[in-house]
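Let me begin by presenting the structure, written as structure tokens, before commenting on it.
Just so it is clear, none of the values below were taken in a lab; they were calculated from the coordinates. Note that this is a predicted model, so its numbers are computed, not measured. Using ideal geometry, Cβ is built from the backbone for each residue, glycine included, and neighbour counts are taken over all protein chains shown.
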Amino acid sequence: MTTAFSSLPIVDLSVLSEAHPSSSSLELLSQRLYDVFATTGFAYLVGTPLSSTHEDVFGLAEDFFKLAEAEKLRLAKKTFVSQNSNTYRGYFPIQPGHLDNLKEGFEIGPSTTTRDDHPSRHKKFNLTEANVWPPSSSFAERRQKLEKFHTELQTLSATLLSLLAVALGKPPDHFASYLVDSLSTLRLLHYPPQQSSTGLCCTPHTDSGLLTLLHQDPTGGLEVQNADGEWIPAPYVPGSLVVNIGDLMAKVSGSRFVATMHRVRSTASAGGGSGGGIGRLSVPFFFEPGENCVVRGVDGGQSVIYGEYVRKKMGIWVEYQDMPEDTVSYETATSAAIEAY
């Protein structure tokens, strides 16, 4: 159960980079993760076994968002540009009618492509569709880096899930079925600069999946709610990832773990990224099971098919709500939203 914490704990994952970590070290890490997720649901991870630095990650994000508007809209989801065929992966522009959710984003799934006969392709949102990418040859190297980054985050998340299985009294491979055709999403986000720091650019919410691994830039703004209802700042910690439990993992754990409410406060004249003035950049990785995965609590109880679960959740996400195409111009939407804010 969430406690009255005043800051986020820090968990050192350095042991995962050892060639042959001892069983005692892994057991200690497993228990540490259990304690963190049972009390705050959030933590900073340091010593992660990732090859990309924060500068690498935000450089890639900034490169994408600096693309021409027309080039980004060619990658937009069908709900925004009707002639496009991608429905689940790809770009979404700022929605000017949602002034407390001012962001544009680009979503990337696993690099493996969908099967032509997969049932998902006949639904409105094809959860297993292939990624879409800028066609220019100059982006090819960035694509390879982003695909590698997705793979490394998936591997790290799978390791954390194995450690959590042990912490919950199960064998390390208890959740192995969750990794089959995993739908995990790497999301590049851009929040444009605001004229005020008194509002929110992302409203209070809990994440829906298993785990979220977040790269946040020095701009800051992330806040986490404790048991007393206080909003605790979670500022940028150099070299760290922020990890948090999603609703699904809270249920899987038999409510031993807590999915904690969090939000993002606007930062006036934000200058995140490496270019200054672009605004706030954020790169979350949402660790998800496969579409057909049967998700059940460690104590038994009612099960859910992940694809059905996430489709219901999508009904409340603005990125998947139909919008008239004359509202999706990035430059128009951005300037209108900031002026109205």
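If you stretched the chain out fully between residue 10 and residue 205, how much longer would it get, using 0.36 nm times the residue separation minus the C-alpha to C-alpha distance? Write out the running numbers ahead of the final one.
Details: separation 195, 0.36 × 195 = 70.20 nm, distance 2.22 nm.
Result for the pair: 68.0 nm of gain on full extension.
Give, in nm to one decimal, the length gained when the segment between residue 159 and residue 313 is fully stretched (0.36 nm per residue of separation minus the Cα-Cα distance). Please list the in-between numbers first.
Working: separation 154, 0.36 × 154 = 55.44 nm, distance 2.60 nm.
Roughly 52.8 nm would be gained on extension.
With the crude spin-label approximation of a point 7 Å out along Cα→Cβ, what separation in nm comes out for residue 111 versus residue 85?
For residue 111 paired with residue 85, the spin-label model returns 2.2 nm.
Could you pull out the pairs from 66/312; 78/148; 66/124; 77/312; 66/145 whose alpha carbons sit more than 28 Å apart here?
Values: 66/312 33 Å; 78/148 26 Å; 66/124 30 Å; 77/312 18 Å; 66/145 17 Å.
Too far apart for the 28 Å limit: 66/312; 66/124.
Can you give the extra length, in nm with one decimal, that the chain gains between residue 69 and residue 147 once fully stretched, where that is 0.36 nm per residue apart less the Cα-Cα distance? Mind dumping the intermediate values first?
On the way: separation 78, 0.36 × 78 = 28.08 nm, distance 2.29 nm.
Working it through step by step, the gained length comes to 25.8 nm.
Quickly work out the residue 237-to-residue 23 label distance, labels modelled 7 Å from Cα along the C-beta direction, and quote it in nm with one decimal.
3.0
Only counting other Cβ atoms within 10 Å, I'd like 256, 143 sorted with the fewest neighbours first.
Details: 256 19, 143 15.
So the ranking, lowest neighbour count to highest, is 143, 256.
Taking Cα centroids, how far is the range 36-82 from the range 137-209 in Å?
9
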